[in-house]
Amino acid sequence: MVRKIHKIYDVILKIIILAYSVEFLKYIGEEREIVEILKTEISTLNGKTRFLDFLCRLEDDTLCL
């Protein structure tokens with residue numbers, strides 16, 4: 001049940017960032033633009049799955065969490 005609520009928060013955050021990407025980046029202190037929204041589920045070498053709230057690639061090829 002807890003994971004389902006977390007997925008809802010992920011979707012809401014992604015919608016806000018897609019709709020207000022420039023304003024969101026200015027809010028967190030970044031002056032660059034989002035180029036690509038990346039998946040937030042990462043599988044490790046030992047088979048465990050980790051989740052991030054948000055991950056994107058910026059225009060200078062750096063990652064923003």
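List of remarks:
- Of the candidates 14, 26, 7, the single residue that is in contact with a Phe, Trp or Tyr (Cβ under 8 Å, 6 or more places away or on another chain) and basic (Lys, Arg) is 14.
- Pairing residues of region 39-65 that are over 13 Å from residue 10 (Cα atoms) with residues that are in a loop (DSSP other than H, G, I, E, B) and acidic (Asp, Glu), at Cβ distances under 9 Å and at least 6 apart in sequence or on separate chains, gives 58/30; 58/33; 59/33; 64/30.
- Residue check, residue 33 touching a Leu at 6+ places or on another chain (Cβ under 8 Å) and touching a residue at least 12 places away in the same chain (Cβ under 8 Å): yes
A quick yes/no check of all residues on (1) under 13 Å from the mean Cα position of the chain (by Cα); (2) polar (S, T, N, Q); (3) modelled with pLDDT under 80:
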residue	(1), (2), (3)
1	no, no, yes
5	no, no, yes
14	yes, no, yes
19	no, no, no
39	yes, no, no
45	no, no, no
61	no, no, no
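- Tally, over region 19-65, of residues that are open to solvent by 90 Å² or more (accessible area, probe 1.4 Å), aliphatic (A, V, I, L, M) and either assigned to a loop (DSSP other than H, G, I, E, B) or closer than 18 Å to residue 6 by Cα (or both): 2
The values are calculated or read from the model by the stated rules, or taken from the named source; none is laboratory data. This one's a predicted model, so the numbers in the text were calculated from it and none came from an experiment. Because the Cβ atoms are built from the backbone with ideal geometry, glycine has one as well, and the counts that use them run over all protein chains shown. The protein model used for the area step is the full one, side chains on, heavy atoms only, and it has no ligands, DNA or RNA in it. Shrake-Rupley method; radii C 1.70, N 1.55, O 1.52, S 1.80 Å.
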